[in-house]
Amino acid sequence: MIDARELAVTERVKSIELVIPVVSGKGGVGKSTVAAMLAMALAERRRVGLLDLDFWGASLHTLLGVEISEFPSEDKGIIPIEFHGIKFMSAAFYTRNRPLPIRGSEYTDAFLELMAVTRWDDIDILVIDMPPSLGDPFLNAVKYLPHGKFVVVTTPSKLSINVARNTLLLLKEQGFRIIALVENMVVDPDESEAEKLVSEFEVPYLVKLPYSKELESAIGQVERLKQTKLFEKVKGLAAIF
Ligand SMILES: Nc1ncnc2c1ncn2[C@@H]1O[C@H](COP(=O)(O)OP(=O)(O)OP(=O)(O)O)[C@@H](O)[C@H]1O
Ligand SMILES: [Mg+2]
């Protein structure tokens, strides 16, 4: 039986020119940081939406300093809030900084609910921050984003590189388009296992982002985030799109 929400999701994202899911099977590698800064950089020249789909640990509102106590307004759907020229929607509006004990199998449901109700009117690009997962819920969810151009994030650590390899393999096997591998928190740019991954999987772009000592103190303040060297480098990633 056809789930009405599936049709609604397709309808909602249909007119968006470019959807960029930021993913990794591994936690803590910088997906949210990259997604937020990428949206900020793209918003300098395009109409951008930013969506936090991490129902287990939404963090974009904390990173950007978005107040989530008030639920976005509704009119034939839920209207993302406008924040520094970005249309912003987050699982955090539902979870309210409380743990949401959903199982993996329920993730797709939550994804469909949120995607089906959110109105992304008048945007060119939607950047999506995904939770750290590569299981069925992840794959079920992203199958509704067939025109997505995926950005995979890793750190230089072997532990992360191994998971990045699995992430790339899985996305390739499932026929998703991978546009860039981001090697985040780079300390020594000359030592890069990520370069091997990029050639192994024929990923069009490798973007190296430095470890940033300034980041922590800028969290919650968009203007300060924009002043970091990290943001300058993320502009290089944005230039790909
Ligand atoms: N380039 C960087 N330099 C320094 N710290 C960074 C950098 N990128 C991210 N961080 C820090 O690393 C931590 C993890 O980053 P972030 O939350 O973006 O990762 P994530 O992959 O989204 O995590 P999760 O899997 O839990 O969603 C945060 O404390 C963040 O501030
Ligand atoms: Mg995250």
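Of all the listed residues (Gly57, Gly49), the sole one being under 17 Å from the mean Cα position of the chain (by Cα) and assigned to a strand (DSSP E or B) is Gly49. Here the condition is being out of contact with any helix residue (DSSP H, G or I) (no Cβ under 8 Å at 6 or more places or on another chain) and of a type in the set (A, V, I, L, M); of Ala39, Ala58, Ala8, Ala35, it holds for Ala39 alone.
Matching residues to (1) within 20 Å of Ala239 (Cβ to Cβ); (2) buried (at least 16 other Cβ atoms within 10 Å of the Cβ); (3) more than 16 Å from ligand 2 (Cβ to nearest atom):
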residue	(1), (2), (3)
Phe138	no, yes, no
Tyr144	no, yes, yes
Gly148	yes, yes, yes
Val153	yes, yes, no
Phe176	no, yes, yes
Met185	no, yes, no
Leu209	yes, yes, no
Gln227	yes, no, yes
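If I filter the range 137-147 for residues that are modelled with pLDDT of 95 or more, touching a Leu at 6+ places or on another chain (Cβ under 8 Å) and not acidic (Asp, Glu), do I get at least one hit? Within the range 137-147 (the criterion being modelled with pLDDT of 95 or more, touching a Leu at 6+ places or on another chain (Cβ under 8 Å) and not acidic (Asp, Glu)), the answer is no, since none of the residues qualifies. Look through the range 60-88, keep the residues that are hydroxyl-bearing (Ser, Thr, Tyr) and assigned to a loop (DSSP other than H, G, I, E, B), and return whichever of them is nearest to ligand 2 (Cβ to nearest atom). Only one residue tops the list, namely Ser69. For Tyr107, the conditions (1) over 19 Å from Pro21 (Cβ atoms); (2) within 16 Å of ligand 1 (Cβ to nearest atom) all hold with the exception of (1). Of all residues in the range 65-82, those that are under 18 Å from Glu11 (Cα atoms) have Cβ atoms under 8 Å from Cβ atoms of residues that are in a loop (DSSP other than H, G, I, E, B) and among the hydroxyl-bearing types (Ser, Thr, Tyr), 6 or more apart or on another chain, in Ile79/Ser73.
Scanning for something touching a Lys or Arg at 6+ places or on another chain (Cβ under 9 Å) and closer than 26 Å to Thr62 by Cα, does the range 224-231 turn up at least one residue?
Of all residues in the range 224-231, those touching a Lys or Arg at 6+ places or on another chain (Cβ under 9 Å) come to none.
No, the range 224-231 contains no residue that is touching a Lys or Arg at 6+ places or on another chain (Cβ under 9 Å) and closer than 26 Å to Thr62 by Cα.
Applying the criterion of being over 18 Å from the mean Cα position of the chain (by Cα) and free of Cβ contacts under 8 Å to residues at least 40 places away in the same chain to the residues of the range 155-171, the residue that is surrounded by the fewest Cβ atoms within 10 Å (Cβ to Cβ) is Lys158. A Cβ distance below 6 Å, combined with a sequence gap of six or more or placement on separate chains, defines the contacts here; from the range 209-223, residues that are in a loop (DSSP other than H, G, I, E, B) reach residues that are surrounded by 13 or more Cβ atoms within 10 Å (Cβ to Cβ) in the pairs Tyr211/Met185; Ser212/Thr228; Ser212/Leu230; Glu214/Thr228; Ile219/Leu63; Gly220/Gly65; Gln221/Gly65. Considering Glu173, Glu214, which residue is out of contact with any Pro (no Cβ under 9 Å at 6 or more places or on another chain) and at pLDDT below 95? Answer to the check: Glu173.
In the range 88-104, the qualifying residues are those that are without any contact (Cβ under 8 Å) to a residue 40 or more places away in the chain and within 17 Å of Ile128 (Cα to Cα), and the one that is surrounded by the fewest Cβ atoms within 10 Å (Cβ to Cβ) is Tyr94. In the range 183-225, which residues are over 16 Å from Thr155 (Cα atoms) and hydroxyl-bearing (Ser, Thr, Tyr)? Answer for the range 183-225, where residues must be over 16 Å from Thr155 (Cα atoms) and hydroxyl-bearing (Ser, Thr, Tyr): Ser199, Ser217.
The values are calculated or read from the model by the stated rules, or taken from the named source; none is laboratory data. Quick caveat, the model's predicted, so the values are computed rather than measured. Virtual Cβ from ideal backbone geometry, glycine too; neighbours counted across all protein chains shown.
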